[in-house]
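S.K.: Below is a structure I'd like to ask you about.
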Amino acid sequence: MLTKLTFILSLFILTPVFANLRVVTTTEDLRSVTEAIGSEFITVSSISRGTQDPHFVEAKPSYLVAVSRADLIISIGLELESGWLPLLIRGARQPKLMPGEPGCLTVSEAITPIDIQAQANRSQGDVHPLGNPHFMADPERVISVAELISKRLSELDPSHAKNFAENLSNFKAMLQARSAKWKQKLAPYKGIKVIGYHMTFNYLFKYFGFEVIGFLEPKPGIQPTAQHILKLIETVKNQKAKLIVVESFFDPKPGETLAEKTQAKLVLIPAYVGGDDKSKTFIDWMDHIVNELEKNLK
Ligand SMILES: [Zn+2]
């Protein structure tokens, strides 16, 4: 009896229990999609909060600890995180997390970007020369991102590949069903003209057929100036823009001034998943955005 028990016990000790993959994402949009695919088989945390501007994140020591313990770092790419992620990856000193290695996934690989700047230099502001990195506000491109994440999770943990594939297909089905509803809700407003703050919602506007005719930022990453607002007042009046859509973490004042002087309505919406209490997951965030847009267009 005792030998049998010792044998069983030794089996427990010798059989390695596969630990959950530890995933760190740069943004909460990525965290939410990764969570939907990895479910209980991974642990995932995001470096930047949804209330934060991901272009400018301070590379804190606590982030370095999280990155150095990770099996996989998932980032957006197209230089969105170029001011801080390379520092964290270098600081973590983990060969498996270096660019090109299995522990480093840049999801912009999965999509074709818009807004590519033919001639750009940093003196013109944070211009995103490789294309617009804010594609997580596009339900269609998010499906390609989810597919890429599922593939990488399966490569790193083949024992749960079946689960990841199943979660992916559920996520896709849910997103496609919701997307149809979102499109239906905003269909009457196709072709309306809008003003943005930064180029955060260009993919979203394109998805719903809105035409973006100007930005509160005179150049990407450069704060609005009085002179620029004066020009925008003319643009909004002449082109009959309907909405001024501002990311809720930016100063609302320039948008308020523009709304006061024109017929356009100001809408403040969370720029990323986690941007407010109603936007904890990707689907909830999109739901919330669509509701806010529709409310202000009615
Ligand atoms: Zn940007």
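The values are calculated or read from the model by the stated rules, or taken from the named source; none is laboratory data. Please read these numbers as outputs of a predicted model, since none were measured by experiment. Cβ: placed from backbone, ideal geometry, glycine included. Neighbour counts: every protein chain shown.
Okay, residues lined up against (1) within 16 Å of the ligand (Cβ to nearest atom); (2) surrounded by 15 or more Cβ atoms within 10 Å (Cβ to Cβ); (3) modelled with pLDDT of 95 or more:
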| site | (1), (2), (3) |
| --- | --- |
| 101 | no, no, yes |
| 109 | no, no, yes |
| 117 | yes, no, no |
| 125 | yes, yes, no |
| 137 | yes, yes, yes |
| 151 | no, yes, yes |
| 162 | no, no, yes |
| 189 | no, yes, yes |
| 192 | no, yes, yes |
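S.K.: Can you confirm whether region 84-98 contains a residue that is within 21 Å of residue 204 (Cβ to Cβ) and modelled with pLDDT of 95 or more?
M.R.: No.
S.K.: Going by the structure shown, is residue 246 surrounded by fewer than 20 Cβ atoms within 10 Å (Cβ to Cβ), of a type in the set (A, V, I, L, M, F, W, C), part of a strand (DSSP E or B) and within 16 Å of the ligand (Cβ to nearest atom)?
M.R.: No, not satisfied.
S.K.: Let me ask something else. Can you tell me which of 219, 206 is under 22 Å from the mean Cα position of the chain (by Cα), within 14 Å of the ligand (Cβ to nearest atom) and of a type in the set (Lys, Arg)?
M.R.: It is 219.
S.K.: Report, by residue number, each residue of region 183-226 that is among the hydroxyl-bearing types (Ser, Thr, Tyr) and either assigned to a strand (DSSP E or B) or over 26 Å from residue 298 (Cβ atoms) (or both).
M.R.: 225
S.K.: What number of residues within region 52-76 are within 16 Å of the ligand (Cβ to nearest atom), within 19 Å of residue 32 (Cβ to Cβ) and outside any strand (DSSP E or B)?
M.R.: So the count comes out to 5.
S.K.: Give region 253-269 a look and list any residue that's assigned to a loop (DSSP other than H, G, I, E, B) and either crowded, with 16+ Cβ neighbours inside 10 Å or of a type in the set (Asp, Glu) (or both), or say none.
M.R.: Within region 253-269, 262, 264 meet the criteria.
S.K.: Next question. Could you please let me know if residue 159 is out of contact with any Asp or Glu (no Cβ under 9 Å at 6 or more places or on another chain) and of a type in the set (Gly, Ala, Ser)?
M.R.: In short, yes.
S.K.: Another question, if that's okay. Write out, first by first residue and then by second, each pair whose Cβ atoms fall under 6 Å of each other, whose residues are 6+ apart or on separate chains, and whose first residue, in region 177-202, is under 17 Å from residue 288 (Cβ atoms) and touching a residue at least 24 places away in the same chain (Cβ under 8 Å) while the second is in a helix (DSSP H, G or I) and within 16 Å of the ligand (Cβ to nearest atom).
M.R.: The qualifying pairs are 201/137.
S.K.: Within region 24-43, work out how many residues are in contact with a helix residue (DSSP H, G or I) (Cβ under 9 Å, 6 or more places away or on another chain) and either modelled with pLDDT under 95 or farther than 24 Å from residue 270 by Cα (or both).
M.R.: 5
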